[in-house]
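> Structure in structure tokens, see below.
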Amino acid sequence: MAETIMAELFTVNEAAAIAEISPETIRTALEKRSVTPSHRQRTGKAVRHHFSAGDVLLVKVLSEFPFPLSKQDKQSLAQVLVGGERHSAHWSLRGSDLVYRSGEMLLSVECKTVRRTLDKNLAAYRWGKRRIVSSPDVLGGEPVFRGTRIPVQHVASLFRKGTSEPEIAEDFPGLSARDLAYARLVARLGEKPGRPRKRLVIQRERGAA
């Protein structure tokens, strides 16, 4: 019998940090049912939502889209970005980009920069999962970078204060660029970032063929 591989899932705060958006943006999308995460866990009356990497990409694209989409358009977009379909209703994939076609409207949605950002943040998250350890014998069990006594939350707090990465790297020469990338990701957990820089590039193309 084949071994079942557990899907990689993220909490609301983790998904928001990876997507570089506010957790409130995701919670609002959940309340409006704009997104339906891959996994929901009910404990009594409380429901915990967990997002796949495809779900994170979906909420990022929706957060940056320049005009409102109908519920049907959001559902069909989910079929493409999360469900793995090449085409669904008005949406289709063209390489790594999206095409939205409705009547005479034909839009090209360039997603390369968004995908690159999410890939970078996902890599940092996965690295941190392996790199961060906790032991009662080291700083009372506070999570630290493996092989050091440097608390990840301390480095994250420096990023929150606006300390530049070169300054932090100089103060902690034992930390790698991947360590600092993870600390920057941790700094965004639960935070309310300012207005995100728009990374989607949307162009109107000539009428539908």
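> Kindly provide the set of residues from region 97-116 that are closer than 18 Å to residue 64 by Cβ and over 17 Å from the mean Cα position of the chain (by Cα), ordered by number.
97, 98, 99, 100, 107, 108, 109, 110
> Can you tell me which residues in region 62-118 are polar (S, T, N, Q), closer than 14 Å to residue 201 by Cα and open to solvent by 20 Å² or more (accessible area, probe 1.4 Å)?
The answer is 63, 96, 113.
> Are there any pairs with C-beta distances below 9 angstrom linking a residue in region 162-173 that is of a type in the set (S, T, N, Q) to a residue that is open to solvent by 40 Å² or more (accessible area, probe 1.4 Å) and part of a helix (DSSP H, G or I), with the two at least 6 apart or on different chains, and if so which?
Going by the 9 Å Cβ cut-off, the qualifying pairs are 163/171.
> Quick test for you: out of 166, 173, pick the one residue that is open to solvent by 30 Å² or more (accessible area, probe 1.4 Å) and either under 25 Å from the mean Cα position of the chain (by Cα) or polar (S, T, N, Q) (or both).
After ruling out the rest, the residue left standing is 166.
> Kindly evaluate residue 103 against the criterion of being more than 20 Å from residue 62 (Cα to Cα) and either hydroxyl-bearing (Ser, Thr, Tyr) or at pLDDT below 90 (or both).
yes
> Right, another one. Counting just the residues of region 37-61 that are within 21 Å of residue 98 (Cα to Cα) and out of contact with any strand residue (DSSP E or B) (no Cβ under 9 Å at 6 or more places or on another chain), which one comes out least open to solvent (accessible area, probe 1.4 Å)?
Selected residue: 60.
The values are calculated or read from the model by the stated rules, or taken from the named source; none is laboratory data. Predicted, not measured: the structure shown is a model, and the values here were computed from it. Cβ: placed from backbone, ideal geometry, glycine included. Neighbour counts: every protein chain shown. These accessible areas exclude ligands, DNA and RNA; they are computed on the full protein's heavy atoms, side chains included. Shrake-Rupley method; radii C 1.70, N 1.55, O 1.52, S 1.80 Å.
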